[in-house]
Amino acid sequence: MSPLQPSSAPAPAPAPVAPTDPSALFTATDRTRRKLLTQRIAGIVFGAMAAAILLPLLVILGYIFVRALPALDWGFVTGLPEQGMRAGGIWPALAGTAYLVVFSLLVAAPIGVMAGIYLNEFARDNWFTRAVNLAVVNLAGVPSIVHALFGVGAFVVFAGLGKSILAASLTLAVMTLPVIIVATKEALAAVPRSFREACWNLGASRWQVIRTIVLPNSFGGILTGLILEVCRAAGETAPIMFTGAIVFKAVESGQLLPYNPTDQCMALSYHLHTVATQIPGVPEPMLYATAAVLVGFVLVFNSFAIAMRVRLRAKKKW
Amino acid sequence: MISLLKIMLLLALVAGVLYLMYLIYRYCERTMVTLIHICGVSAIVFVFGIFFFIFREGAPFLLKDFDFGGFFLSDKWYPTSEENPRFGILALVAGTGSVTVLAMLFAVPFGLGTAVFISEFCGRKTKEALKILVEFLAAVPSVVWGFIGMMVMNPLIIKLADAPVGLNVLNAGIVVGLMAVPVIVSIAEDAIRAVPDEYRAAAEALGATRWQVVRKVIFPAAKSGLLAAVLLGVGRAVGETMAVLMATGQSINIPFDGNAPFFHPLQSVQTLTATIAAELGEAPSGGHHYQALFTLGIVLFAITFAINLVADLIVKGIRKGK
Amino acid sequence: MIANPKILVSDLSVSYGRKQVLKDVSLYVPRNSIFAIIGPATSGKTTLLKCINRTLEITPGARSTGCVHIDGEDVAKMRDVYELRRRIGMVFPLPVGLPLSVYDNVAYAPRMAGGWGRAELDELVERCLRQAALWDEVKDRLKTLGTMLSGGQQQRLTIARALSHQPEILCLDEFSIAIDPVTTMRIEDVLLELRKDMTILLVTNLVQQARRLADVTCFLNKGELVQVDRTELIFSDQPGNQVTHDYVHGVFG
């Protein structure tokens, strides 16, 4: 036996257990020992499952960042694509993504939040409201490519916007709308009804109660939902592919507002798809760097949302 | 310089608009209530607009000489053929089905196992950390997953399985499975948390170990919630677009046949979603191909809507039961 | 029937879904009196109060017929329901502190109604908190959240809030269940004082409280009005109704 093993250390002889020690009353039988063993094994098995699925994901994401390092610098972020996108940077794509996200949020956030307020605070509880609620919840799970079809049918063709930033961001807005509505409703529903009733009894109107009691106490939840939606909108590719994204557009380097709303634009997610599948001979570090910027964006915004949720939970008011 | 000026002007404008909006919010009750009602109605319009516009574009294909057997039961998808275009989606359905089944094969056990571990077997700190991790993984864009499939899984599969191409059902199945795991974990975790603590306390008071509690109390009590989690995972897998577009290899095949082992995970396939994503750009607007793609959209819509509806009803059923 | 009652309830029936909770209740409440409503659980006491300030309308699934007049005016026909609710102070048995500071809790109703200066508001808040026997306990921490007070303090906060918009009618629904007997006595003294300015409706499970305070007492049972009369008569040995007698003497209920 190796001298390093603790069992080989000279252990003091076990003291005789006093009869009042409660552990002496419960001597472990074979049955309980087996039970404890299965418990231990179950814990290990489930832990291993969690590790087996989550660790590789972390490793892969880490791998993306490591492989991206050679290409990842300030010039890459603010530079223009060169030599048919085999060199240079991603600035137009980054700016395009910002355009799409901001425009879609400008449309979806107010409408979504107010629609959530309407459904949770004003709508009467009848079959129509229930049907709308059901439709909203389920639309949140409809595939993004179906939203792309909707965008093509409604905005590009029917509304005559053509392929443009407007059409693409409207499509994104409609895609994020159900999720924003659901998030808003959940945040509002977390404020107990008794507060509302107390205020109504004091002669406050519905809106006054919403403004003074309900919204201040659900604001954090709504904001968290909105931030998560920004993440999703920024990463989506399918809905913008046919409604406004373009493979390449010449803009000035580092120019902050390179597009008009009626232009088509480049977008980071679509750019990643393009350089990875359509263009042969793009240096690998550039591919990884593009993916890393996209993942980094998501990571930053998600951390915002998580930090906010933790802070909210810390100062709960009731 | 001009750009800077433009931005400052823009910021001033935004500040002004925000201030105006605050004034309305604070003092104009009637306006706000009207606005809220308008937004509620317009959200409803948008919701039904989605149904309307997809059906509107796909309708001509569905109404004029729609060949049911040729659409659902044929594997001949030749949408761009000059003389005899054929629109059989069987191979595409098989593609979606095989990827989904393969993905669920490991996403379901691992997802549920992880959910059980998070909610029953680990400490508070680990729990918080894992939940944040899962949430973050759920937010990674699908195009990044597709990229991982192409750049990481592809060479790995070629090397390990000795396959000619690494972009196939196996690759897509793994990638989509990894994407579905966070969905399954978070919803299953919700379902397990919804089991009242009294149940656990009661079982433990009778001398049950954690594992027995999970097996005899948690699983039966959270059964329908776990089912909903699996269903939503399936919905996510069926609707996934970019990842399968990049990882399946994009060739129309049915990865099943009569020869053993009956299922060939190393074959490249094409899914319903990927077909739309790959072909909508080339299909001339209003043409037969274009309408056929919208009909694919209707099929996808119907499948995912049905899955979500069932999952939603299950979850609602749980809440009502409480 | 006296001339010019404060509240007149005529043929009021209320049902939640298929369950009828009030059946053809008619009564009047004299001006500047304390009017006690007693009766066993689920006899419709709280529902009766909800009809008076029209919060029954926002209770899901409730339906009512009949009418309530305040000062001769039908409440159902009043244009401004918020104005009506401001004329009535309501205290329900479950204490609800709003997630605002103690000060803002009491100042809530006047602020929503508008037209109050800062100094007036300070004065009002102090007076209401004093009347609810809470001032001494919270005067040094008016900035703490109302939800962080103890149950009994929150209950008194609710009373202070109900007084804050200077109502003509004060409805107290079992206000004393979370409050200790000594404080209850202090509040009861305040109520007797307040009677000069307002009409007080007191729903209570403590028949002795009704006996101590009320000028008129009404007895509800299973949604039906059994008896309404001067308190001394209700609590006498011969109230004129066997059910009333049994209830107030503790034979049933």
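Values in this text are rule-based calculations from the coordinates and carry no lab data. Since this is a predicted model, take the numbers as computed values, not measurements. Counting neighbours? That spans all protein chains shown, and the Cβs are built from the backbone with ideal geometry, glycine included.
The table for this structure:
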{"quantity": "Per-residue ³J(HN,Hα) for segment C:51-67, Karplus 6.51 cos²θ - 1.76 cosθ + 1.60, θ = phi - 60°, Hz, x for Gly and Pro", "calculated": "5, 5, 9, 6, 7, 5, 4, 9, 8, x, x, 8, 9, 9, 10, x, 9"}
{"quantity": "Computed FRET value (nearest 0.05) for C:ASN32 with A:LYS315, which takes r as the C-beta separation and R₀ as 41 Å", "calculated": "0.35"}
{"quantity": "Qualifying lysines (Cα of each under 20 Å from Cα of A:LYS163; at least 8 residues distant if same chain)", "calculated": "A:LYS249"}
{"quantity": "Residue mean of other protein chain beta carbons inside 10 Å, B:149-155", "calculated": "3"}
{"quantity": "Ellipticity estimate at 222 nm from DSSP helix runs (n ≥ 4, -39,500 (n - 2.57)) divided over chain A, nearest 500", "calculated": "-20500 deg cm²/dmol"}
{"quantity": "Inter-label distance, nm, simple model (7 Å from Cα along the C-beta direction), A:ASP125/A:ARG34", "calculated": "5.2 nm"}
{"quantity": "Virtual spin-label span in nm between B:GLU128 and A:GLN278, 7 Å along Cα→Cβ", "calculated": "4.5 nm"}
{"quantity": "Estimated vicinal HN-Hα couplings, Hz - segment B:47-53 in sequence order (Karplus 6.51, -1.76, 1.60; Gly, Pro = x)", "calculated": "4, 7, x, 4, 3, 4, 6"}
{"quantity": "Ranked packing of B:33-41, A:62-70, most packed first, by mean Cβ within 10 Å", "calculated": "B:33-41, A:62-70"}
{"quantity": "Burial ordering of A:VAL59, C:VAL243, A:VAL142, fewest other beta-carbon atoms within 10 Å first", "calculated": "A:VAL59, C:VAL243, A:VAL142"}
{"quantity": "Rg ratio (alpha-carbon, reference 2.2 N^0.38 Å) - chain A", "calculated": "1.42"}
{"quantity": "Part-to-part distance (alpha-carbon centres) for segment A:149-208 and segment C:135-166, which is given in Å", "calculated": "37 Å"}
{"quantity": "Qualifying lysines (Cα of each under 22 Å from Cα of C:LYS196; at least 8 residues distant if same chain)", "calculated": "C:LYS6"}
{"quantity": "Mean Cβ count within 10 Å, highest first, over the residues of peptides B:226-238, A:268-280, B:275-287, C:115-127", "calculated": "B:226-238, A:268-280, B:275-287, C:115-127"}
{"quantity": "The protein assembly as shown: antiparallel DSSP beta bridges as a percent of all, rounded to 5", "calculated": "60 percent"}
{"quantity": "Residues in segment B:48-77 reached by a label modelled at B:ASN84 [backbone nitrogen below 14 Å; 7 Å Cα→Cβ]", "calculated": "B:75-77"}
{"quantity": "Helix-derived mean residue ellipticity, 222 nm - over chain B, DSSP H n ≥ 4, -39500 (n - 2.57), to 500", "calculated": "-24000 deg cm²/dmol"}
{"quantity": "Spatially proximal aspartates and glutamates relative to A:LYS315 (Cα-Cα < 15 Å; intrachain offsets below 8 disregarded)", "calculated": "none"}
{"quantity": "Exceeding the 27 Å Cα-Cα cut-off - candidates A:LYS317/C:LYS45; B:LYS127/B:LYS216; A:LYS185/B:LYS6", "calculated": "A:LYS317/C:LYS45; A:LYS185/B:LYS6"}
{"quantity": "Per-residue mean of C-beta atoms belonging to partner chains within 10 Å, peptide A:54-64", "calculated": "5"}
{"quantity": "Phi to ³J(HN,Hα) by Karplus 6.51 cos²θ - 1.76 cosθ + 1.60 over segment B:169-177, Hz, x for Gly, Pro", "calculated": "4, 4, 4, 4, x, 5, 4, 5, x"}
{"quantity": "Of B:LEU23, B:LEU156, B:LEU272, the one that fluctuates the most in a GNM where chain B has Cα springs shorter than 10 Å", "calculated": "B:LEU23"}
{"quantity": "Efficiency of FRET from Cβ geometry, B:LEU63 and B:ARG215, R₀ 41 Å, rounded to 0.05", "calculated": "0.15"}
{"quantity": "Interchain or long-range residues, amide H under 5 Å from B:TRP77's placed H", "calculated": "B:GLY88"}
